[in-house]
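Remarks on the structure that follows.
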Amino acid sequence: MAARCKGEGKSTATETASSFSANEKTALKLAKKLREIVVLEEQAKDGHKLQLNQQQKIASKDSVKEEFFVVLELLPPVSEVVARVQDLVSDLVNLKRFDEPPPTTPSERKHFHGQG
């Protein structure tokens, strides 16, 4: 019987992360930041007093979100990272729709509902 090395056959988070491209790593870091911001927003909504650095993090949401989507566009559609952040992408796209004024023309309504 062959001796097995400790941890052989197991993939650790570090090993998996090291196999990602620079853009994939950036996308994961930005996704983590956005998830943290969502938690902080919920805490603030529930009446928790946030520290200054937490308020600053919330204030950075738009720029982080913008950078996240730019980096996401650079990833290949088959990237494992795209699948890992799909829930966040869906939430952010839905939130963006509510932040925008309602569509007024038929073509805007078609695009708004994801048909354009």
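Each reported figure results from applying straightforward, stated rules to the coordinates on display, with no laboratory input. Keep in mind the model is a prediction, meaning the values are calculated, not measured. Please note: Cβ atoms are built from the backbone with ideal geometry, for glycine as well, and neighbour counts cover all protein chains shown.
Between Gln86 and Leu52, what FRET efficiency follows from the Cβ-Cβ distance if R0 is 25 Å, with the result rounded to 0.05? It would help to have the intermediate numbers written out before the result.
Working: r = 33 Å, r/R0 = 1.31.
Plugging the Cβ-Cβ distance into 1/(1 + (r/R0)^6) gives 0.15.
Compute the length gained on full extension between Lys29 and Val70: take 0.36 nm times their separation in residues and subtract their Cα-Cα distance, giving the result in nm to one decimal.
Numbers: separation 41, 0.36 × 41 = 14.76 nm, distance 1.34 nm.
Full extension from Lys29 to Val70 adds 13.4 nm.
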